[in-house]
Amino acid sequence: MTVAVVLLAYAACVGTMGSKLLGRATWTVRAPLLAMVTYLAAAWSVVTALGLAGLTLAVHATALGGGLSHLIGACVLRLRETYAAPGGAAAAGIGLTLAGAIAAHASLTAVTHLRAVRRQALRHAQAARLVGRPEPALGALLVDDVQPAAYCVAGPHPTVIMTTGALRALDPDQVNAVVAHERAHLARHHHRFLAVARIGCQMLPFIPLMRDTATQVTRLVEMHADDAATSDRDTRPLAVALVVLATSGSPAPALAAGATDTVQRIERLLSKAEPLSRVRRYLLRAGAVGVALTPLLLALAPAVVALALGRVPAA
């Protein structure tokens, strides 16, 4: 019971305070990939904590540190104990219900979201191929449209799409920078980061950290693509291109160059900030790993203590 309460308290604290702490951090724009990983680690540690809280409520926490046979034996003993102690059956039932609900909700939300996104991406890529024409020299699919736009669609047929309006509005350096930005989205699988963030938000939309993670990852993938596109070239062409493309829209499954936080991204491109020091990066990475593992460590702590005291046989 104590471990379950601690895990629920952890989920509540990280789900509320984690959003504020990460929102105030200034290093995130200097290391967008690390920031994405940190946001996702914190958000999904909340989901893990809720699931483990239910599991530890249904099964004694020390059983989680043993082998499979020990865990099964503990489950049988737990079932016997629940009917011998007043309220035991109710507590175990609540725990199993919570753990099962979290697992089922996560699976159903993930399958539904991934299928919908895949279907939208496939449909849009096919439609773009029907109305557009490949431009090998450009490295993109060119679509006739007066509106300047450039975006990419991931999925079974990864495609970079640019309109003729964008081609006319941008000079060659700007076009190359925009295409590099979109190809960076595809090469670095940014759609997967977005999917993980949005699945978490759809699961627990009432938790501030889950909502903020979806918003922040959407912003950070654009910054990460900006960095990749300008790693070996001048940043000004991309900054100017963002101004031109800022007013254009993009389809739902697409990642568009000028879609998110354009003003901040332009300022960031024109005044390159110093990258984080190696020591600070290591510390932040360790922090992200620590946050991700905390729910498991909290759940296994009683088992580790019991094992150290010789009360639980090693598996």
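The values are calculated or read from the model by the stated rules, or taken from the named source; none is laboratory data. Computed from a predicted model, the values in this text were never measured in an experiment. Don't worry about glycine lacking a Cβ; one is built from the backbone with ideal geometry, like all the others, and counts go over all protein chains shown. The protein model used for the area step is the full one, side chains on, heavy atoms only, and it has no ligands, DNA or RNA in it. Shrake-Rupley method; radii C 1.70, N 1.55, O 1.52, S 1.80 Å.
Please verify whether residue 315 is open to solvent by less than 20 Å² (accessible area, probe 1.4 Å), of a type in the set (Gly, Ala, Ser) and either at pLDDT 85 or above or more than 29 Å from residue 170 (Cα to Cα) (or both), treating the condition exactly as stated. So residue 315 does not fit the description; no. Every condition in (1) open to solvent by less than 60 Å² (accessible area, probe 1.4 Å); (2) in contact (Cβ under 8 Å) with a residue 24 or more places away in the chain is met by residue 198 except one, and the failing one is (1). Residues in the stretch 151-169 that are touching a helix residue (DSSP H, G or I) at 6+ places or on another chain (Cβ under 8 Å), among the small types (Gly, Ala, Ser) and part of a helix (DSSP H, G or I): 166, 169. When the stretch 130-145 is filtered for residues that are among the hydrophobic types (A, V, I, L, M, F, W, C), closer than 11 Å to residue 164 by Cα and assigned to a loop (DSSP other than H, G, I, E, B), nothing remains.
With respect to (1) part of a loop (DSSP other than H, G, I, E, B); (2) of a type outside the set (Asp, Glu); (3) modelled with pLDDT under 85, the lone exception for residue 56 is condition (1). Of all the residues in the stretch 14-26, those that are open to solvent by less than 80 Å² (accessible area, probe 1.4 Å) and within 25 Å of residue 297 (Cβ to Cβ) number 7.
Any idea which residue in the stretch 211-250 is farthest from residue 184 (Cα to Cα), counting only those that are acidic (Asp, Glu) and crowded, with 19+ Cβ neighbours inside 10 Å? Once the filter is applied, the top-ranked residue is 212. Yes or no: residue 285 open to solvent by 60 Å² or more (accessible area, probe 1.4 Å) and at pLDDT 65 or above? Yes: the conditions hold for residue 285. Residues that are basic (Lys, Arg) and in contact with a helix residue (DSSP H, G or I) (Cβ under 7 Å, 6 or more places away or on another chain) occur in the stretch 204-211; there is at least one. Within the stretch 206-237, track down each residue that is farther than 21 Å from residue 19 by Cα, part of a helix (DSSP H, G or I) and small (Gly, Ala, Ser). Across the stretch 206-237, the qualifying residues are 225, 228, 229.
In the set 208, 158, only one residue is open to solvent by less than 60 Å² (accessible area, probe 1.4 Å) and touching a residue at least 12 places away in the same chain (Cβ under 8 Å); that residue is 208. All of (1) surrounded by 15 or more Cβ atoms within 10 Å (Cβ to Cβ); (2) at positive phi hold for residue 189 with one exception: (1). The residues listed here are 127, 103, 110, 180; of these, the one that is open to solvent by less than 70 Å² (accessible area, probe 1.4 Å), on the phi < 0 side of the Ramachandran plot, assigned to a helix (DSSP H, G or I) and free of Cβ contacts under 8 Å to residues at least 12 places away in the same chain is 127. Taken as a whole, the structure places residue 161 among residues that are in contact with a Gly (Cβ under 8 Å, 6 or more places away or on another chain) and farther than 30 Å from residue 106 by Cα.
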